[in-house]
Amino acid sequence: MPEPDLVKTGIKGLDEVLFGGFPRGNIILVAGTAGTGKTTFGVEFVYRGASQFNEPGVIVLFEVAPDKLIRDAALFGWDLRELERNGRLKMIFTTRQLFQQELQQADSQLLAEAAEIGARRIFVDGLVRLPESNAGDSRDAFHLLAEGLHRENLTAMLALESTFADPAAARAPEEFVADTIVRLSIEPVQRAVLRSLEIVKSRGHEFALGRHTFRIINGQGLEVYRRVQAPRGLLRERGAAFDPTTRVTTGVPGLDELVNGGYFVASTTLVVGISGAGKSVMALQYIAEGARRGERGLMITLDEPPAQVLRNAHSIGIDLQAFIDKGLVHLWYEPPQEFEIDRHFAQIEAIVEDFKPRRAVIDSLSTYGSSLGPAERSFRDFFHAIVALMKEHQVTAVYNHENPEMLGMSSMMGEFKVSSLVDNIILMNWVELGDSFRHALTVAKMRAMPTSRTTHECEIANGQGMKVLPRPIRAALPVVPFAGYLGLISRSPERRSPPMVSETP
Amino acid sequence: MKPKQIGDFLDRIGCLEHPCDLDLLLFFYRHPQAFLKSERLAEYVGYDLPQVERSLEILMTAGLLRQSPDSTRPARLYVLTRGSSILGGWLSSLLRIAATPEGRLAVFHALKQRRPPRLSGGDEPEPVANGRPVPRTLEEPHA
């Protein structure tokens with residue numbers, strides 16, 4: 001099968017969504033209401049082509065004066081004037097009617113201008129839709145325009161103003177003629193707004209379906225964040241480790257013995273417990289243990305800013321800053337307000353790919369749930385995606401999860417129904433004995449490894465961190481078979497009295 | 001900017017005589033490559049068509065502007081030749097001054113002071129804005 005000739009947009013994140021770029025020569029319709037970023041999108045397409053891919057371009061404007069466009073582009077660091085001076089860009093101001101007429105001329109002056117600089121891309125800003133009653137005329141006119149551009153083998157991007165917020169109502173005759181349709185939208189989310197982009201159709205290649213988030217960033221331009229749910233490469237799906245011997249040590253004295261020497265490489269461990277049960281302490285010890293062994297560790301914190309994490313680490317005798325300075329630990333904090341989950345995931349993905357951690361801690365999963373809604377599909381999709389990402393990169397990941405129950409637990413993850421994705425589960429509990437709450441730890445699940453599911457007492461000592469205390473009394477207690485209890489299934493077991501045995505002489 | 005400095009710029013540029021000359025230049029400064037009919041240009045700058053055509057001719061003769069050669073088409077491609085070595089940065093400086101309403105009025109005033117307006121067929125061309133005569137203040141600004 002021949003490889004398609006794709007035109008890279010150069011827009012950060014977009015070429016991944018397009019699986020490489022737009023097919024050369026496609027007529028690309030960029031539709032959206034006012035303020036959705038159509039002009040920036042089109043100008044960046046031409047700018048990147050001229051400045052990065054040796055593809056000169058033309059920008060045709062009907063309403064925006066070129067000097068304003070030059071000024072606005074400068075905010076993104078794009079020097080359009082310089083490109084013009086170097087003969088790599090032309091910006092032509094005209095009217096819609098003249099532009100339409102010109103493209104139907106065999107010796108179009110506009111296209112001659114494009115040819116003069118060897119233009120390969122063209123962006124036409126500000127096409128407008130004819131009223132519904134003229135839909136036939138509009139389709140025909142657009143068809144003629146598309147033919148004119150196709151004749152010149154230009155990859156053309158046309159910004160189409162839409163006055164409809166509802167995409168279904170915005171079906172335009174132009175959309176049937178265009179090869180590619182990119183729909184830009186801006187929608188309210190709570191009291192914030194979210195920009196998104198959707199490739200509605202694109203002839204001649206595959207692309208990632210669905211709505212992907214994007215931002216317009218000063219000093220850079222557009223940045224597209226592929227939708228979290230979109231499948232990544234096959235590599236990620238096949239990324240689960242098959243290493244039955246290597247163990248990743250926990251850094252908590254006494255815990256490794258309970259987890260058969262450590263977690264499997266690339267496994268997913270959930271540490272569940274109420275606030276204050278010691279989850280973050282365990283996380284710090286896990287990361288510090290890796291750093292002491294020369295293994296890079298990534299710590300993603302949503303609840304506590306870096307200074308606070310450093311202070312917490314210091315209080316248990318860990319100089320996290322020193323590990324950060326040595327490049328062994330990457331501490332990444334993002335406050336959870338107004339999460340843009342596609343962007344957040346893209347950032348984690350970039351860090352994992354660049355920093356190449358062997359260990360990772362996410363503190364905490366419940367904060368994602370609070371932001372995204374624990375029962376929402378987006379939370380589960382995000383968790384699926386991050387587990388797959390870590391497995392692909394062979395990162396042994398620990399996720400903290402706050403369970404709101406103070407004493408005991410009636411469920412491991414409450415509303416968060418994702419425990420089937422998890423390899424190991426460690427429950428951290430308070431146990432009330434006398435007038436004190438004491439720390440208890442139970443290894444509740446270890447996929448592909450034996451576990452005793454016994455509860456152990458833990459201790460967090462100032463300046464030393466957490467350790468799991470030995471169970472010297474264990475041997476003293478007899479292991480009573482199930483037959484020795486009543487009410488096992490009803491979760492209130494009682495010891496059964498020894499059966500009365502009548503002895504007959 | 002003092003009137004004398006504006007006058008110096010006008011002397012160095014040489015060709016500007018009428019407010020329409022300046023307004024057209026300002027238009028092309030903002031739209032360095034424009035593919036338009038002259039009627040549309042007249043609408044954009046707000047002068048009558050004969051005046052716009054005269055001013056276009058002056059700008060092209062002075063080498064400040066070039067247009068596509070095909071006269072059979074109703075529209076022409078106009079390109080501002082801002083890189084002209086003859087004019088250097090004088091033109092840019094003047095246009096930067098004239099880019100503000102106050103600066104534009106100051107340049108108009110300087111034009112009026114500098115020489116009598118061009119005559120065409122015995123009538124002084126009257127600038128119009130959107131089909132109406134330009135307010136008197138444009139002609140005699142309080143500089």
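The values are calculated or read from the model by the stated rules, or taken from the named source; none is laboratory data. Keep in mind the model is a prediction, meaning the values are calculated, not measured. Here the Cβ positions follow ideal geometry from the backbone for every residue, glycine too, while neighbour counts run over all protein chains shown.
Taking A:Gln105, is it within 12 Å of chain B (Cβ to nearest Cβ) and assigned to a helix (DSSP H, G or I)? Break it down stepwise before answering.
Working: within 12 Å of chain B (Cβ to nearest Cβ): yes; assigned to a helix (DSSP H, G or I): no.
In short, no.
Determine whether A:Arg88 is away from every other protein chain (no Cβ under 12 Å), under 18 Å from A:Ala156 (Cβ atoms), without any contact (Cβ under 8 Å) to a residue 40 or more places away in the chain and touching a Ser or Thr at 6+ places or on another chain (Cβ under 8 Å). Give the steps one after another, and end with the answer.
Details: away from every other protein chain (no Cβ under 12 Å): yes; under 18 Å from A:Ala156 (Cβ atoms): yes; without any contact (Cβ under 8 Å) to a residue 40 or more places away in the chain: yes; touching a Ser or Thr at 6+ places or on another chain (Cβ under 8 Å): yes.
Here the answer is yes, as A:Arg88 does meet what is asked.
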| request: Taking A:Ser452 as the residue in question, decide whether it is within 27 Å of A:Ser419 (Cβ to Cβ) and modelled with pLDDT of 75 or more. | output: yes
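Of everything in region A:65-80 that's in a loop (DSSP other than H, G, I, E, B) and either among the aliphatic types (A, V, I, L, M) or at positive phi (or both), which residue is nearest to the other protein chains (Cβ to nearest Cβ)?
Filtering region A:65-80 down to residues in a loop (DSSP other than H, G, I, E, B) leaves A:65, A:75-79.
Now restrict to residues that are either among the aliphatic types (A, V, I, L, M) or at positive phi (or both): A:65, A:75, A:77.
Details: A:Ala65: 5, A:Leu75: 18, A:Gly77: 21 Å.
Among those that are in a loop (DSSP other than H, G, I, E, B) and either among the aliphatic types (A, V, I, L, M) or at positive phi (or both), it is A:Ala65.
Do we find that A:Leu83 is within 14 Å of chain B (Cβ to nearest Cβ), in contact with a helix residue (DSSP H, G or I) (Cβ under 8 Å, 6 or more places away or on another chain) and within 28 Å of A:Asp5 (Cα to Cα) in this structure?
Working: within 14 Å of chain B (Cβ to nearest Cβ): yes; in contact with a helix residue (DSSP H, G or I) (Cβ under 8 Å, 6 or more places away or on another chain): yes; within 28 Å of A:Asp5 (Cα to Cα): yes.
Spelling it out, A:Leu83 is indeed within 14 Å of chain B (Cβ to nearest Cβ), in contact with a helix residue (DSSP H, G or I) (Cβ under 8 Å, 6 or more places away or on another chain) and within 28 Å of A:Asp5 (Cα to Cα).
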| field | Close pairs (7 angstrom Cβ cut-off, 6 or more residues apart or separate chains): under 17 Å from A:Gln285 (Cβ atoms) in region A:447-461, at pLDDT below 85 and in a loop (DSSP other than H, G, I, E, B) anywhere | value | A:His456/A:Arg471
| said: For region B:33-84, give me each residue that is more than 14 Å from chain A (Cβ to nearest Cβ) and assigned to a loop (DSSP other than H, G, I, E, B). | reply: B:Gly46, B:Tyr47, B:Asp48, B:Ala62, B:Gly63, B:Leu64
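Residue under question is A:Phe62, and the condition is that it be more than 18 Å from A:Gly49 (Cβ to Cβ), under 40 Å from the mean Cα position of the chain (by Cα) and either of a type in the set (D, E, K, R) or within 11 Å of another protein chain (Cβ to nearest Cβ) (or both); does it hold? Write out each step before concluding.
Details: more than 18 Å from A:Gly49 (Cβ to Cβ): yes; under 40 Å from the mean Cα position of the chain (by Cα): yes; either of a type in the set (D, E, K, R) or within 11 Å of another protein chain (Cβ to nearest Cβ) (or both): yes.
Considered against the rule, which asks whether it is more than 18 Å from A:Gly49 (Cβ to Cβ), under 40 Å from the mean Cα position of the chain (by Cα) and either of a type in the set (D, E, K, R) or within 11 Å of another protein chain (Cβ to nearest Cβ) (or both), A:Phe62 comes out as yes.
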| field | Options B:Gly14, B:Gly89: the member that is away from every other protein chain (no Cβ under 14 Å) and under 15 Å from the mean Cα position of the chain (by Cα) | value | B:Gly14
| Qualifying residues in region B:4-32 (those that are in a helix (DSSP H, G or I) and of a type in the set (A, V, I, L, M)) - the one nearest to B:Ala106 (Cα to Cα) | B:Ile6
| said: Here are the criteria: (1) within 21 Å of A:Ile351 (Cα to Cα); (2) among the hydroxyl-bearing types (Ser, Thr, Tyr); (3) over 24 Å from the mean Cα position of the chain (by Cα). Tell me which single one A:Thr301 does not satisfy. | reply: (3)
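Which residue out of A:Ala115, A:Ala119 is within 14 Å of chain B (Cβ to nearest Cβ) and surrounded by fewer than 16 Cβ atoms within 10 Å (Cβ to Cβ)? Steps first, please.
Details: A:Ala119 fails: surrounded by fewer than 16 Cβ atoms within 10 Å (Cβ to Cβ).
It is A:Ala115.
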| Using beta carbons and a limit of 6 Å, which pairs, at least six apart or on different chains, have the first residue in region B:91-109 and assigned to a helix (DSSP H, G or I) and the second one of a type in the set (Lys, Arg)? | B:Ala98/B:Arg104
| Are there any strands (runs of 3 or more DSSP E) wholly within region A:258-372 with 3 or more residues that are without any contact (Cβ under 8 Å) to a residue 40 or more places away in the chain and of a type outside the set (Asp, Glu), and if so which? | A:329-333
